[in-house]
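Below: one structure in structure tokens.
Read-outs: derived from the displayed coordinates by stated rules, not from any lab. What you are looking at is a predicted structure, and each value in this text was computed from that prediction instead of being measured. As a convention, Cβ positions derive from the backbone with ideal geometry for all residues, glycine included, and neighbour counts pool all protein chains shown.
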Amino acid sequence: MKKIIILVIILQAILVVACIHKEQPTSAKPKGYFRIETPKPEYQKWDSLLPFSFEYSKYAQFSFEEKEPKIYWMDLQYPQYNVSLKMSIFPLKDNLRKLIVNEEKMLMFHVESRKADDILYSDISDTKEKVYGQMYELVGKGAATPLKFWITDSTRYFVSASLYFNFPPNNDSLQPVINYLKTDVLHLIETWKWK
């Protein structure tokens, strides 16, 4: 009888331990993003009657229009990424300083609105082709314009450009695309030639 009582106590203890077993609490998995693959860069030349030429990505769709005499709006659209590089070309009429100051004001807007955490500046200087300017990388998760630049020949034309995503950006997840497009923008600038 003692053996049966001990066996019943052991079975009850096993049953109690089995019922008390705690499951590991489930936790939400961290938010993830799809891996973004970028193609190998390939370029084509854009040349026309306008006073400049450059090379741009074969994956971009190019359009331009003359808004006013000698004022042009150009658009390089990357449909696979839903992003556009928008460029404006202005003739210089003793207004170079004003145009540069306007670019600086636009940059400060991004910082003051707390969309950009930092701005990285790069000088552009090609004395052979007379291409001078600055490129800006706006660092921050919500920066609407992660890349901007302006270039000029300092006597005839001023070009201002900004890269825009056509949706609210999360630049942390878009960094591979931003890096890829930065390569394209640098190539465009390096191949820019005034006529």
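Using 18 Å as the cut-off for backbone N distance, which residues of segment 153-179 belong to the label zone defined by a point 7 Å from the Cα of residue 71 along Cα→Cβ?
Residues passing the 18 Å test: 156-162.
Would you mind giving the three semi-axes, in whole Å and largest first, of the ellipsoid equivalent to segment 57-194 according to its Cα gyration tensor?
Output for segment 57-194: semi-axes of 24, 18, 14 Å.
Please go through the residue pairs 105/141; 86/130; 93/141; 58/98; 67/182 and name each one whose alpha carbons sit more than 31 Å apart in this structure.
Flagged as over cut-off: 93/141; 58/98.
May I pose another question? Can you give the net charge of the other residues whose Cβ lies under 11 Å from the Cβ of residue 59, counting K and R as +1 and D and E as -1?
0
Right, something else. Expressed as a whole number of Å, what is the distance separating the alpha-carbon centroids of segment 117-195 and segment 51-82?
If we compute the Cα centre of each part, the gap is 14 Å.
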